[in-house]
Structures are given as C-alpha cells and as structure tokens.
C-alpha cells in the first residue's frame, strides 16, 4: 500500500535546531528505507522564505501498522522532537507512475 507521510516541524528556534542536530541520522535511515524499496520519494517542505519546516515522504508498506513499526518507531525526527505533527494518508498513485 502506498502512503504519503507529512511531518510538520516544531516552530523556531527549537524545530530548526533539532532538525540540524539529527539530520544525518534521518537521511541515513531514509536512504536505507529507499534501498529497501520502502521510500519512493522524499522532500523537505519549505516556508515562504525557503526554510525547511517539514517533510513529505511517499512510501510503500503493507499496512499503516507496518509503517509505524518499521519506520516511525525509529524515525530520528520523531524521537528527537523535530516533527510536532505527523499525518499519514493512504494514496493511490497515478497509473503511469
């Protein structure tokens, strides 16, 4: 099943400081999940002045429970309180994707 995960950061100054502190861990986990075929696309969400304020990830897991257990339970941006809010949406990709 395909999901869109939106992670919205805590506001400044805490959010950006925490993001910088654990960004490498987040990217390493993301790269592993990408290589394992779990993440299909990932990007940072920018505010009106180009600062990172969140994340969007398109991913493949068999269920929301697997997504939460295999990824979010070890996600550095959640563990280190970078993301204040996380939304998980099941999606249906276009047939040509």
Legend entry - Using alpha-carbon coordinates, inclination of helix 14-35 to the longest axis of the chain, degrees: 20
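Divide by every residue of the chain the summed helix terms, -39500 (n - 2.57) for each DSSP H run of at least 4, and state the resulting mean residue ellipticity at 222 nm, rounded to the nearest 500 deg cm²/dmol.
Values: 3 runs with 33 residues, N = 97.
Value at 222 nm, helices only, nearest 500: -10500 deg cm²/dmol.
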Legend entry - Inter-site label distance for residue 46 and residue 29 at 7 Å from Cα along Cβ, in nm: 2.5
Legend entry - Mean Cα-pair separation over length for the chain, i.e. relative contact order, pairs under 8 Å, 6 or more apart, %: 49
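When you have a sec, figure out the Kirkwood radius of the chain from all distinct Cα pair distances and drop it here in Å to one decimal? Before the final figure, lay out the partial values.
Values: mean 1/r = 0.0728 Å⁻¹.
Evaluated over the chain, this radius sits at 13.7 Å.
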Legend entry - Proxy reagent accessibility, fewest Cβ within 10 Å first, across 35, 18: 35, 18
Legend entry - FRET efficiency estimate (nearest 0.05) - Cβ-Cβ, residue 94 to residue 20, R0 41 angstrom: 0.70
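Here, each number is a calculation from the coordinates, and none is a lab measurement. Since the structure is predicted, the reported quantities are computational estimates derived from the model, not experimental observations. Cβ atoms come from the backbone with ideal geometry, glycine included; neighbour counts cover every protein chain shown.
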